[in-house]
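The values are calculated or read from the model by the stated rules, or taken from the named source; none is laboratory data. Here the structure is a predicted model, which is why all the values come from computation and not from measurement. Because the Cβ atoms are built from the backbone with ideal geometry, glycine has one as well, and the counts that use them run over all protein chains shown. Only protein heavy atoms, including side chains, enter the accessible area calculation; ligands, DNA and RNA are left aside. Shrake-Rupley method; radii C 1.70, N 1.55, O 1.52, S 1.80 Å.
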Amino acid sequence: MRNNVNKISVVIAYFLIYVVWGSTYYFIGVALTGFPPFLLGALRFSIAGGILLALCRIRGEQVFRSVLIRRSAISGIVLLFIDMAVIMLAQRYVNSSLVAIVASSTAIWIMLFDVPMWKRNFRRATTVIGLLAGFIGVGLLYAEQLGQENTATRHSEYGILILIAGCISWALGSLYAKYRSSAAEEANDFAGSAWQMLSAGLMFWICNGLFGNFAETEFRAVPRSAWFSLAYLIVFGSLLAYSAYVWLLKVRPATEVATHAYVNPVVAVIIGGLGGETVTAVQLAGLAIILGSVISINRNAPTGT
C-alpha cells in the first residue's frame, strides 16, 4: 500500500512540474496586464514564502537556523529573483510561448559554461553538434523577431535578448551553486524553499521601492483575470509545483527531474495557443531544434558529476 501511495505521489508531483510549471508562463503574461513586473514578483513570492514557512513551522521544522537562511537567501536571489525578473520583463515584449521556448535553452548554456566538465562533455562529436544546433534554434527565433516590423512600445527583439541574458544568468548561478556551495547545504529542505521565496520577494520589494511600482498601481483597476493569475501563481506555481520539485529531488534522480525543461515549453506553447497567442512556424521550428539539441546533449553526455 505504501509503495502504491508513493507511486501516485510521484505521478502527481511530475504532473505539477511538467504541466503546472509549463502553464505559469501564460498566467504570468495575464497577471502582467494588471501588475507591474516587480510588484507581481513581490506579491507572489512574499505570500507563497510566508505560507510555506508557516506550514513548515507548524510541522515542527527549525525554520530560523542562520545557516539555512543565509544559504537559502543566496540561492533565492541568484536563481528565483533573477530568473523570474527576466521572464516577467521579457513578457512585456514577447508572448509566453516564445519565452518558454527560449528558456528551454538553459541546459545548453549550462554545458557551455561548465568549464571543469569541458573535457568530458565535449569528447563526443554528437554533443558538439547538439550544442551548435541549439544556438541555431535560438538564433532562428531572434532573427524572426528582428525581421518583424516593431512599434515604439513593443520591440520583440529586446525580449529575446533579455531572455538570453536570463538563461546565461541562471546557468552561471546554477554552476556557482554546484561548485561553491557546501556539500552539507540542505538545498531540498522545504524551509529552505520558503526562505528562497522570501528572499526573492524581498529583492522584488526593494525594486518596487526604487521604481515606485507599488505607489503607482491602482489596485481597484486591476482586472479580475490578473488577480486570478496571481492566485494561480502563488498556489499552483510556487506552493505546489515548487514543493513538488523539491520533494522529487529527494526521491528521484536529479537528471530525471530535470526533464521538466523539455516538457514545459511544449505545454506553454499549447496553452498560449489556446489562450489566443500567435505561434508561428518559425517558433515551432525553433522549439523543435532547441529541444532536440538539449535531448541529444543529455543523452550523449557522460555519466557522473
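Restricted to the stretch 207-224, and to residues that are open to solvent by 60 Å² or more (accessible area, probe 1.4 Å) and in contact with a helix residue (DSSP H, G or I) (Cβ under 8 Å, 6 or more places away or on another chain), which residue is nearest to residue 275 (Cα to Cα)?
At the first step, the residues of the stretch 207-224 found to be open to solvent by 60 Å² or more (accessible area, probe 1.4 Å) are 209-211, 214-216, 218-221, 224.
Those left that are additionally in contact with a helix residue (DSSP H, G or I) (Cβ under 8 Å, 6 or more places away or on another chain): 211, 214.
Details: 211: 31, 214: 28 Å.
In this case the residue turns out to be 214.
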**OP:** Output the residues belonging to the stretch 272-287 that are touching a residue at least 40 places away in the same chain (Cβ under 8 Å) and either closer than 17 Å to residue 91 by Cα or surrounded by fewer than 17 Cβ atoms within 10 Å (Cβ to Cβ) (or both).
**Re:** 272, 273, 275, 277, 278, 279, 280, 282, 283, 285
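Please go through the stretch 217-227 and pick out each residue that is of a type outside the set (D, E, K, R) and free of Cβ contacts under 8 Å to residues at least 60 places away in the same chain.
Going through the stretch 217-227, the residues of a type outside the set (D, E, K, R) turn out to be 217, 219, 221-223, 225-227.
If the condition is that a residue be of a type outside the set (D, E, K, R) and free of Cβ contacts under 8 Å to residues at least 60 places away in the same chain, then 219 is the only one that fits.
Which helices (runs of 4 or more DSSP H) sit wholly inside the stretch 1-86 and have at least 2 residues that are free of Cβ contacts under 8 Å to residues at least 12 places away in the same chain and either open to solvent by 30 Å² or more (accessible area, probe 1.4 Å) or out of contact with any Cys (no Cβ under 8 Å at 6 or more places or on another chain) (or both)? Explain how you work it out, then say what you get.
Values: elements: 2-15, 21-31, 37-58, 66-75.
In the stretch 1-86, 2-15, 37-58, 66-75 are the helices (runs of 4 or more DSSP H) which contain 2 or more residues that are free of Cβ contacts under 8 Å to residues at least 12 places away in the same chain and either open to solvent by 30 Å² or more (accessible area, probe 1.4 Å) or out of contact with any Cys (no Cβ under 8 Å at 6 or more places or on another chain) (or both).
Conditions tested, residue by residue: (1) more than 26 Å from residue 261 (Cβ to Cβ); (2) in contact with an Asp or Glu (Cβ under 6 Å, 6 or more places away or on another chain); (3) modelled with pLDDT of 90 or more.
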{"site": "22", "(1), (2), (3)": "no, no, no"}
{"site": "28", "(1), (2), (3)": "no, no, yes"}
{"site": "50", "(1), (2), (3)": "yes, no, yes"}
{"site": "53", "(1), (2), (3)": "yes, no, yes"}
{"site": "61", "(1), (2), (3)": "yes, no, no"}
{"site": "65", "(1), (2), (3)": "yes, no, no"}
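Keeping to the stretch 87-97, report how many residues are open to solvent by 40 Å² or more (accessible area, probe 1.4 Å) and assigned to a loop (DSSP other than H, G, I, E, B). If you could, list the steps in order and put the result at the bottom.
Going through the stretch 87-97, the residues open to solvent by 40 Å² or more (accessible area, probe 1.4 Å) turn out to be 89, 92-93.
Pick out the ones that are also assigned to a loop (DSSP other than H, G, I, E, B) and you get 92-93.
Summing the residues that are open to solvent by 40 Å² or more (accessible area, probe 1.4 Å) and assigned to a loop (DSSP other than H, G, I, E, B) in the stretch 87-97 gives 2.
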